[in-house]
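Right, one structure below, let's go through it.
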Amino acid sequence: MTETSHSGGPTPRTPGNGEEQSGKPSSHGPGEDASGGPVVTLAKKAGGGGPWRRFTGGAGGAAGAVHGPGEIRHLGLVAALVLLAGVGLATQPENFATSGNVVAILVLAATIGVITVGQTFVIIGGGIDLSVGSVMALASVWATTVATQSYGPAVMALCAILVGTGTGLVTGLLISYGRLVPFIATLAMLVAARGLAQRMSDRKTQLIRPENDALVSLSTTRVLGLPLVVYIFAAVALAGWLLLNRTTFGRRTFAVGGNPEAARLAGIDVRRHTLLLYALSGFCCGIAAIIIMARTTTGSSTHGDLYELDAIAAVIIGGTLLTGGRGTVVGSILGVLIFTLITNLFILNGLQTSDQLIAKGAIIVGAVLLQRRGLRSPT
């Protein structure tokens, strides 16, 4: 069955919707409705109609798909969080359930969580960004140079965001207009951004000067018992959810990730949208740089080491397909909390970092295998 998405939702099947009836093709061109305007065709080649049907706003859209497999996956992730909390209570009853430890978990999740929001958009759009950790490090170093700090904390924060967004734009240009494979382009940016950060800082840690303590206060000032960086994380997550689920940009992201050619035929500028996705990822890296500077009071080329793996792992655990076209911000945030909770449990129980990496690797492999099994199962 073929449907069309207008501002009022799915419309009936008529000869004017670009369909074939009685074996005769419509007189309208591809991607046009009866009035000659652009129309989005929800055919099988556009990813089975899944991502588009989910957010078209019609009767069979949000009510039909969002409250199905997505909710089941989220419930499974919540169950995993409860199970991990039970392990923490059983192994470290005196330390795990304290308010200080809960705040530490949320603060630790804030930095990687903001990066994960941007990574979610990129992967849903059919790409991948391996450079997020290095871009965050570069943004933190650039924002803490002597020249930048002389302008005050507001300019430092703006500098971090601009550097992150600009780096994302360069990556997006290489992929969308330079036609480089996302893996290669972002791998090159990973190396280049880290090297530039090392060159700018001379491999030294740059401290935030006392007159710029307003930036540090984002980590020390608490509202209702939580540091401001946690609220920044929550605001980014909420904005990401709204952008993905309630805007045309989000619907186009699903379409581009599900089937770029079908999205192009539907009138979407795939290259421009891909460029914007990587710019959004860089923007999130800039915000994450502000959070890491507030937490550590430093800018360093060593910040964000292996953050790209943590972000990708959280996105996969949250149910986003590595091939693109399906995913949720809520699932990715739950994935971040799961990995942060695992790290916290390992630290409280005195286990080595190498054990954490082994456990994370096993979880990633298991999540991918479950994804492939779900795709093969009949719907």
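The values are calculated or read from the model by the stated rules, or taken from the named source; none is laboratory data. Predicted, not measured: the structure shown is a model, and the values here were computed from it. Neighbour counts are summed over all protein chains in view; Cβ atoms, including those assigned to glycine, are modelled from backbone coordinates with ideal geometry. Side chains are part of the model used for accessible areas, which takes the heavy atoms of the whole protein and leaves out ligands, DNA and RNA. Shrake-Rupley method; radii C 1.70, N 1.55, O 1.52, S 1.80 Å.
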Report the extension gain between Val223 and Gln356 in nm, rounded to one decimal, defined as 0.36 nm multiplied by the number of residues separating them, less their alpha carbon distance.
44.7 nm
Å³ per residue of the Cα convex hull, for the range 214-258?
92 Å³
With the charge dipole of the range 77-375 built from beta-carbon charges (+1 for Lys and Arg, -1 for Asp and Glu) about the Cα centre, the Cα from Val216, Ala147, Val117 projecting farthest to the positive end belongs to Val117
Spin-label pair Leu309/Val368, simplified geometry with 7 Å Cα→Cβ offset, distance in nm
1.3 nm
Round to the nearest 0.05 the FRET efficiency obtained for Leu169 and Val102 when R0 = 35 Å and r is the Cβ-Cβ distance.
0.40
Would you mind pulling out the separation of the Cα centroids of the range 150-168 and the range 227-280, in Å?
23 Å
Treat every Asp and Glu Cβ in the range 77-375 as -1 and every Lys and Arg Cβ as +1, leave all other atoms uncharged, and give the resulting dipole magnitude about the Cα centre to the nearest 20 debye.
660 debye
For the range 348-354, 3J(HN,Hα) per residue [Karplus equation, 6.51 cos²θ - 1.76 cosθ + 1.60, θ = phi - 60°, Hz, x = Gly/Pro]
5, 8, x, 7, 7, 4, 4
Correct semi-axes for the range 220-301, from √(5λ) of the alpha-carbon gyration tensor and rounded to whole Å with the largest first, are 34, 16, 6
Whole-Hz Karplus couplings 3J(HN,Hα) for the range 315-330, θ = phi - 60° and coefficients 6.51, -1.76, 1.60, Gly and Pro as x, run 5, 5, 4, x, x, 6, 6, 5, 7, x, x, 8, x, 9, 5, 4
Ignoring ligands, DNA and RNA, what accessible area per residue does the range 77-375 give at 1.4 Å, in Å²?
43 Å²
Given charges at Cβ of Lys, Arg, Asp, Glu: the range 77-375 dipole, positive-most of Ala90, Pro260, Leu276
Pro260
Computed over the range 77-375, the convex hull of the Cα set has an average projected area, in nm², of 15.8 nm²
Please list the equivalent ellipsoid semi-axes of the range 67-199, computed as the square roots of five times the alpha-carbon gyration tensor eigenvalues, in descending order and whole angstrom.
34, 24, 12
Given a Förster distance of 22 Å, report the FRET efficiency between Leu322 and Ile184 from their Cβ-Cβ distance, rounded to the nearest 0.05.
0.85
Efficiency of FRET from Cβ geometry, Ala90 and Tyr231, R₀ 41 Å, rounded to 0.05
0.85
Peptides 123-133, 220-230, 158-168: what's the order by average Cβ count within 10 Å, highest mean first?
123-133, 158-168, 220-230
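Please compute, over every Cα-Cα pair in the range 106-171, the percentage with a separation greater than 15 angstrom.
For the range 106-171, the share of Cα pairs beyond 15 Å comes to 57 percent.
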7 Å from Cα along Cα→Cβ at both Leu348 and Val155: what's the point-to-point distance in nm?
4.5 nm
